[in-house]
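Trainee: For reference, the structure I am asking about is given below.
The values are calculated or read from the model by the stated rules, or taken from the named source; none is laboratory data. What you see is a predicted model, and the numbers here were worked out from it, not measured in a lab. Positions of Cβ are backbone-derived with ideal geometry, glycine not excepted, and every protein chain shown enters the neighbour counts. With ligands, DNA and RNA removed, areas are computed over all heavy atoms of the protein, side chains included. Shrake-Rupley method; radii C 1.70, N 1.55, O 1.52, S 1.80 Å.
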Amino acid sequence: MARIFTNKNSHWLATLASLFTGLVGLWLLNASNAWAALDKDEINNIDVFKNASPSVVFVTNNALVRDPYSLTYSSRPQGAGTGFVWDKQGHIVTNFHVVDGARKITITLADHSSYDALIVGLAPEKDLAVLKVNAPPEVLTPLPVGDSNDLEVGRKVLAIGNPFGLDTTLTVGVVSALGREIQAPNQRTIRNVIQTDAAINPGNSGGPLLNSDGELVGVNAAIYSPNGASIGIGFAIPVNTVSKIVPDLIQFGYPMRPVLGIEIAPLNWARANKIPGVPILRVYSNSPADQAGLRGITTSRWGATILGDSIIAIDGDKVSSDDDLLSILEGHKPGDKVTLTLLREGKEKKTKITLAAPQP
């Protein structure tokens, strides 16, 4: 049966519609006023956070723990950190120290879905690691990659991470300094590190450092703090280093650093004997060093040690430790030609050498 609307009903509906329209208009006006009250910097912070958050993941480092009563093993979290999506293939970038010693790693995406992760490659000398999850491409949002060479002291940077287990936390600061050095987990020196006052706390490790365009410019790695909490001195590995290392970790599982084909003598022995540079202990057969005529340490028939060559510079850059030597080599690729300055029998000697790829 058809429902008959009277003029009175029509008037009531018109009044209700008018009231609804007014409420919506008032809400839109308030929202517009609230947005207008934000300054450009706040709007930028909000935009960067909204766009980058889907790329940031929670990394849980699980260890096998044995129950003292039942003697059974179970997986329990022993640490947590942050990572971010590198590509649609499921590669996740984080810090080496976040996953070091893990028996099982779990990745939790921004949509709260969790996946077991496999370690694809490790670079402890750069405190970087690449993991892989079998997640659908549609739930993976890679971060746009910037250029850390464009950074200047004073530029705004934003850090997103999971400090103290609090997921997806934003902190904002500036680039405080460039060209800093920090120590890697394997005691190597990481050079050209970014210093920032954006708060980086335990759990932020492995998370992205972003510029105001929302581009990745660094990987948060460490803080300087006497009490374990942020005091405004944080460090991030520059994205240009990350962009160079990560493809090698995905393809080979380790950084493709070129080699000379030598074994280095222990540094403490060299210093105790007041030997400058990096003395060569052994030269491997058919290596670039062997082809260039480099000499290692030998022993006379009377048992006396005969010092061979000591590397004191590469392409004019001073070499005073194995850390210096490796850092310089990391700036090259297999096939590059470099000039070694050697100390042989108390005299300097220069020789050219072609760097080779490391053997698996």
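Trainee: Cβ-Cβ distance below 8 Å, separation of 6 or more or different chains: which pairs start in segment 231-254 with a residue that is in contact (Cβ under 8 Å) with a residue 60 or more places away in the chain and more than 23 Å from Asn204 (Cβ to Cβ) and end on one that is among the hydrophobic types (A, V, I, L, M, F, W, C) and assigned to a loop (DSSP other than H, G, I, E, B)?
Mentor: If the second residue must be among the hydrophobic types (A, V, I, L, M, F, W, C) and assigned to a loop (DSSP other than H, G, I, E, B), the pairs left are Asp248/Met256.
Trainee: Could I ask something else about it? Select from segment 250-259 the residues that are outside any loop (DSSP other than H, G, I, E, B) and out of contact with any Leu (no Cβ under 8 Å at 6 or more places or on another chain) and write down the one among them that is most open to solvent (accessible area, probe 1.4 Å).
Mentor: So the residue we want is Gln251.
Trainee: Do we have Trp35 as closer than 26 Å to Leu158 by Cα, surrounded by 11 or more Cβ atoms within 10 Å (Cβ to Cβ) and at pLDDT below 60 here?
Mentor: So Trp35 fits the description; yes.
Trainee: Right, next: Consider only pairs whose beta carbons are under 8 Å apart and that are at least six residues apart or on different chains; among these, list those whose first residue lies in segment 323-342 and is open to solvent by less than 20 Å² (accessible area, probe 1.4 Å) and whose second residue is assigned to a helix (DSSP H, G or I).
Mentor: none
Trainee: A further question follows. Among all residue pairs at least 6 apart or on different chains, which show Cβ distances below 8 Å where the first residue, located in segment 173-196, is among the acidic types (Asp, Glu) and the second is open to solvent by less than 10 Å² (accessible area, probe 1.4 Å) and not in a loop (DSSP other than H, G, I, E, B)?
Mentor: Filtered contacts from segment 173-196: Glu181/Ile190; Glu181/Val193.
Trainee: While we're looking at this one, here's another question. Applying the selection to segment 320-359, what residues are among the small types (Gly, Ala, Ser) and closer than 26 Å to Gln187 by Cα?
Mentor: Ser320, Ser321, Ser327, Gly331, Ala356, Ala357
Trainee: With the requirement that a residue be of a type in the set (Val, Ile, Thr) and at pLDDT below 90, what does segment 227-246 give you?
Mentor: Ile231, Ile233 - these are the residues of segment 227-246 that are of a type in the set (Val, Ile, Thr) and at pLDDT below 90.
Trainee: A further question follows. Can you work out which of the residues in segment 98-110 that are touching a helix residue (DSSP H, G or I) at 6+ places or on another chain (Cβ under 8 Å) and of a type outside the set (Val, Ile, Thr) is nearest to Phe235 (Cα to Cα)?
Mentor: Once the filter is applied, the top-ranked residue is Asp100.
Trainee: I'd like the full set of residues that are open to solvent by less than 40 Å² (accessible area, probe 1.4 Å), out of contact with any helix residue (DSSP H, G or I) (no Cβ under 6 Å at 6 or more places or on another chain) and hydrophobic (A, V, I, L, M, F, W, C), limited to segment 218-228.
Mentor: Ala221, Ala222
Trainee: Which fully enclosed strands (runs of 3 or more DSSP E) of segment 106-217 have 2 or more residues being open to solvent by 10 Å² or more (accessible area, probe 1.4 Å), under 23 Å from Asn62 (Cα atoms) and not hydroxyl-bearing (Ser, Thr, Tyr)?
Mentor: Those strands (runs of 3 or more DSSP E) span 114-123.
Residue-by-condition table, conditions (1) open to solvent by 20 Å² or more (accessible area, probe 1.4 Å); (2) modelled with pLDDT under 95; (3) closer than 22 Å to Arg188 by Cβ; (4) among the β-branched types (Val, Ile, Thr):
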site	(1), (2), (3), (4)
Asp248	yes, yes, yes, no
Gly261	no, yes, yes, no
Leu267	yes, yes, yes, no
Arg271	yes, yes, yes, no
Lys274	yes, yes, no, no
Arg282	yes, yes, yes, no
Asn286	yes, yes, no, no
Gln291	yes, yes, no, no
